[in-house]
Amino acid sequence: MKKYTEAKMESGHYQADATIVRCIDERTKSALEIFTEKEGLVRYDDISIPGSIKGLASPTSEEERRIVLGYVTSSVQLHHSKRVILVAHNECGGYGSVLGKDYYLTELEKAAAVVATALPDVLIGKLLIDFDGTIMLP
């Protein structure tokens, strides 16, 4: 097998500073990097899903919600995250249309309620990223 590069990785178990649920949209990545740096989140599990929180807040089926919640629950259980951060962004293609800020804020609340019910001992954070560079903490 050809060796591509040498990457340093710690072996063994680790504790994640947080579990972050975000959209696959690359445009939000730089804002999220700023947030994690300012929050001191070095080790976090990054759950990247088209539509991000849609699968928790407004899934197309209960199966979709079960799958997304399973990812979050697995992260918390495996890496002992004490914090789950739900991230939404304007113009999310996963929702199929351009929706306003208030819509995404409501979706964040709905998603947070789902996670809180499943994981009552976990602190839940909510972020809304706007394309003007604003990161809102509702």
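Read-outs throughout are calculated quantities, based only on the coordinates presented, and are distinct from any laboratory measurement. Treat the numbers as computed from the prediction; the structure is a model and nothing was measured. Note that we place each Cβ from the backbone using ideal geometry, even for glycine, and neighbour counts take in every protein chain shown.
In this label model, Ile34 and Asp130 are separated by 1.2 nm, measuring between points 7 Å along each Cα→Cβ vector.
In this simple spin-label model, placing a label point 7 Å from the Cα along the Cα-to-Cβ direction at both Lys82 and Ile24 gives a separation of 3.4 nm.
Look at Arg65, Arg22 and count the other Cβ atoms within 10 Å of each Cβ; fewest to most, that gives Arg65, Arg22. For Rg and Dmax of the Cα atoms in Å, the choices are (i) 15.5, 51; (ii) 21.8, 68; (iii) 24.5, 69; which was calculated from the structure? Among (i) 15.5, 51; (ii) 21.8, 68; (iii) 24.5, 69, the one calculated here is (i). When you restrict to C-alpha pairs under 8 Å that are six or more residues apart and normalise by the size of the chain, the relative contact order lands at 27 percent.
Net length available on complete extension from Ser48 to Ala118 is 23.2 nm, with 0.36 nm assigned per residue and the Cα-Cα distance removed. The slack between Glu63 and Tyr14, meaning 0.36 nm per residue of separation minus the straight C-alpha distance, is 14.7 nm.
Residues considered: Ile24, Ile124, Ile34. Largest GNM mean-square fluctuation over the chain, using C-alpha springs under 10 Å, is found at Ile34.
Among Thr106, Thr28, Thr19, the largest mean-square fluctuation in a Gaussian network model of the chain, built with springs joining Cα atoms closer than 10 Å, belongs to Thr106.
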